[in-house]
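Peer 1: Questions regarding the structure given below will be posed in turn.
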Amino acid sequence: MELDSRYPSVEHLRARGRRRTPAFAFDYLDNGCHDNLNMRRNTDELREVRLEPRYVLDYAGADLSTELFGERYAAPFGIAPIGLQGLIWPHATEILAAAAHAADIPFVLSTVTTASIERVAELTAGRAWFQLYHPVEDALRDKLLDRSREAGVPVLVLLADTPTFGYRPKEIRNGLAIPPRMSLRNIMQMVLHPTWSLSQLRHGVPEFATIKPYIPAGMNLEHLGKFMNTTFDGRLTADRIAAIRDRWPGKLVVKGIVNPEDCATVADLGVDGIIVSNHGGRQLEVGTSTIQALPRLVEEFGSRLEVLFDSGVRTGPDVACALASGARFTFLGRAFMYGVCALGRRGGAQVIEILRRQLTQVLEQLGCAEVGELPRHLVRSEAVDRQATARGVASRTRRA
C-alpha cells in the first residue's frame with residue numbers, strides 16, 4: 001500500500017481522528033477507567049523494554065510473517081476486538097475487517113460491536129476470530145457458538161477481564177449509548193462534526209448486529225440497557241470454559257489473563273492460548289501493566305499454550321518489544337480505530353502499513369531476520385525488573 005505521508009504515525013492519526021469525531025464517541029475510544037493510570041502504565045512500561053542490535057553480520061532482510069494456530073499471517077499483529085465500533089466511526093467494523101483480510105492479518109470481532117458474525121465472515125473469507133462475551137443463559141451461548149462455527153470462525157476468544165463494568169467518568173458524563181443520547185451537548189458535537197454525522201445518516205443508526213436477533217423488537221434505550229445487563233454476565237468460570245471447550249471444535253483462547261493462577265486453570269481446561277491483556281486499562285485502575293505480567297506467563301506456560309499480547313501497543317517498536325519479551329503475537333485496538341476516525345475507509349490500511357514499516361525498520365536495525373528471533377535481542381525491561389523485586393519482597397513478607 002502507498003503510505004499517506006501526511007499521517008506517518010498512529011499519533012498523527014489520533015490527532016486528526018480527534019478533530020473529526022464527536023467527543024462522546026472519541027472519549028469512549030481514547031480513555032480507560034477512573035483517571036487512566038493503568039491505560040498509560042501499559043504503554044509507558046512497555047516502552048521501558050530495551051533491545052540490543054547486532055551490526056557486523058551477513059543479513060538478507062526481515063521477514064514479518066508469523067505462523068499461529070496453523071495459519072500463516074503476513075505480520076505478527078492483528079486487530080483487537082472493540083465494542084461499539086460503528087458508534088465511534090460509521091461502518092468501522094466492516095472497514096477494519098476488510099483491511100485485515102486484504103493485509104492477511106487476523107481481525108477479532110467483539111460480541112457487542114456493530115457488524116454481525118456472518119457479515120464479518122463474508123468480508124474475511126471466514127478467517128475472522130470471534131470474541132464471546134459470555135451470556136447468562138447457556139441457550140444463547142450455544143446459538144452464538146453455532147453461528148460462529150457455521151461462519152467458519154477458526155479461533156474463539158473468551159473474554160475474562162470484564163467481570164464488572166469499568167468506572168469510566170467520561171462515558172458517564174457523555175451518557176454514551178446506542179444510538180447516542182440526544183442531549184444538547186451531544187447534538188452540538190454532532191453538528192460540529194458533519195463528516196461523522198452525514199456518514200452515520202448514510203449507514204443508519206448503529207446496532208448490536210450480532211445479538212440483534214435476540215433483542216425484543218421495539219425496545220427503547222432504557223430497556224435495551226437493562227436487557228444487555230441481564231443477558232450478559234462477564235464473569236468467566238472454569239465450568240463455563242469447560243462447557244465451551246466441549247462444544248467448540250476450533251482453537252480456543254482466553255483473553256485477559258495476567259496471573260499464573262488463572263493461566264494454570266485455563267491451561268488445565270485445554271485452551272489453546274491466552275491473550276495477556278487488561279482490557280486496554282479500561283477495567284482495573286490499580287492493576288499492573290501487561291508487559292509486567294507477560295514474561296512470567298511465558299516462562300511458566302509458553303510450552304503448553306500460545307501466549308499472545310495486547311493492551312498498550314501503539315507502534316511497530318511496541319510490537320517488537322512485546323515479541324522480544326516472549327509474546328508469540330500481538331493485537332492492537334485503539335491504534336486501528338484512530339486510523340478509521342482520521343481517514344475513514346483508508347484508515348485501517350494506513351495503520352497496517354505504518355506498523356509494517358516501523359516493525360521492519362526495527363528488525364533491520366537490530367539485524368534480526370525473523371520476528372521469532374526477537375527474544376535474542378532483549379536486554380532488560382525495567383518494569384519487569386521492578387515486578388520481580390516486588391514478588392521477592394511479597395514472598396519474604398508472607399514467609400515472615
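The values are calculated or read from the model by the stated rules, or taken from the named source; none is laboratory data. Computed from a predicted structure; not experimentally measured. Every residue, glycine as well, gets a Cβ built from its backbone with ideal geometry; the counts of neighbours run over all protein chains shown.
Peer 1: Does segment 13-29 contain at least one residue that is at pLDDT below 95 and in a loop (DSSP other than H, G, I, E, B)?
Peer 2: yes
Peer 1: Moving on. Which of the residues belonging to segment 19-28 are in contact (Cβ under 8 Å) with a residue 24 or more places away in the chain and farther than 18 Å from G83 by Cα? Don't jump to the end; show me each part of the working.
Peer 2: Residues of segment 19-28 that are in contact (Cβ under 8 Å) with a residue 24 or more places away in the chain, as a first pass: 20-28.
Scanning segment 19-28 gives a single hit, R20.
Peer 1: Tell me whether segment 95-106 contains one or more residues that are part of a loop (DSSP other than H, G, I, E, B), over 30 Å from L359 (Cβ atoms) and β-branched (V, I, T).
Peer 2: The answer is no, given that none of the residues of segment 95-106 is part of a loop (DSSP other than H, G, I, E, B), over 30 Å from L359 (Cβ atoms) and β-branched (V, I, T).
Peer 1: What's the number of the condition R247 fails, among (1) over 22 Å from Q131 (Cα atoms); (2) out of contact with any strand residue (DSSP E or B) (no Cβ under 8 Å at 6 or more places or on another chain)?
Peer 2: With (1) over 22 Å from Q131 (Cα atoms); (2) out of contact with any strand residue (DSSP E or B) (no Cβ under 8 Å at 6 or more places or on another chain) applied to R247, the lone miss is (1).
Peer 1: What is the residue count in segment 81-94 for residues that are outside any loop (DSSP other than H, G, I, E, B), farther than 17 Å from F331 by Cβ and not hydrophobic (A, V, I, L, M, F, W, C)?
Peer 2: Result for segment 81-94: 2.
Peer 1: Can you report the number of residues in segment 257-312 which are of a type in the set (S, T, Y) and surrounded by fewer than 23 Cβ atoms within 10 Å (Cβ to Cβ)? Before the answer, list the steps.
Peer 2: As a first pass, look at segment 257-312 and keep what is of a type in the set (S, T, Y): 265, 277, 288-290, 303, 311.
Next, only the ones that are surrounded by fewer than 23 Cβ atoms within 10 Å (Cβ to Cβ) stay: 265, 288, 303.
Count: 3.
Peer 1: Can you confirm whether segment 43-51 contains a residue that is of a type outside the set (D, E), part of a helix (DSSP H, G or I) and modelled with pLDDT of 95 or more?
Peer 2: Checked against the condition, which is being of a type outside the set (D, E), part of a helix (DSSP H, G or I) and modelled with pLDDT of 95 or more, segment 43-51 yields at least one hit.
Peer 1: Six or more apart or on different chains, Cβ atoms under 6 Å: show the pairs whose first residue is in segment 1-17 and more than 10 Å from R314 (Cβ to Cβ) and whose second is at pLDDT 95 or above and part of a loop (DSSP other than H, G, I, E, B).
Peer 2: L13/Y7
Peer 1: Taking the stated definitions as given, is L359 closer than 17 Å to T43 by Cα and at pLDDT 95 or above?
Peer 2: Criteria met by L359.
Peer 1: Among (1) surrounded by 21 or more Cβ atoms within 10 Å (Cβ to Cβ); (2) over 19 Å from the mean Cα position of the chain (by Cα); (3) hydrophobic (A, V, I, L, M, F, W, C); (4) not in a helix (DSSP H, G or I), which single condition is A217 missing?
Peer 2: Unmet condition: (1).
Peer 1: Within segment 285-298, take every residue that is in contact with a helix residue (DSSP H, G or I) (Cβ under 6 Å, 6 or more places away or on another chain) and among the hydrophobic types (A, V, I, L, M, F, W, C) and give me the one that is farthest from K170 (Cα to Cα).
Peer 2: Here the answer is L297.
Peer 1: Please count how many residues of segment 279-303 are under 24 Å from L37 (Cβ atoms), at pLDDT 95 or above and among the polar types (S, T, N, Q).
Peer 2: Residues in segment 279-303 being under 24 Å from L37 (Cβ atoms), at pLDDT 95 or above and among the polar types (S, T, N, Q): 3 in total.
Peer 1: Just one of (1) part of a helix (DSSP H, G or I); (2) modelled with pLDDT of 95 or more; (3) among the aromatic types (F, W, Y) trips up Y55, so point out which.
Peer 2: Exception for Y55: condition (1).
Peer 1: Within the bounds of segment 301-317, is there any residue that is touching a Pro at 6+ places or on another chain (Cβ under 7 Å) and touching a residue at least 40 places away in the same chain (Cβ under 8 Å)? Even if it seems obvious, please write down each step before you answer.
Peer 2: First, pick out the residues of segment 301-317 that are touching a Pro at 6+ places or on another chain (Cβ under 7 Å): none.
Scanning segment 301-317, I find no residue that is touching a Pro at 6+ places or on another chain (Cβ under 7 Å) and touching a residue at least 40 places away in the same chain (Cβ under 8 Å), so the answer is no.
Peer 1: Considering segment 330-366 alone, what residues qualify as being outside any helix (DSSP H, G or I) and touching a helix residue (DSSP H, G or I) at 6+ places or on another chain (Cβ under 8 Å)? It would help to see each step written out before you state the result.
Peer 2: Here is the first cut: in segment 330-366, the ones outside any helix (DSSP H, G or I) are 330-333.
Those that are outside any helix (DSSP H, G or I) and touching a helix residue (DSSP H, G or I) at 6+ places or on another chain (Cβ under 8 Å): T330, L332, G333.
Peer 1: Okay, moving on. What number of residues within segment 112-151 satisfy the criterion of being in a loop (DSSP other than H, G, I, E, B), modelled with pLDDT of 95 or more and either β-branched (V, I, T) or surrounded by fewer than 16 Cβ atoms within 10 Å (Cβ to Cβ) (or both)?
Peer 2: Final tally of qualifying residues: 3.
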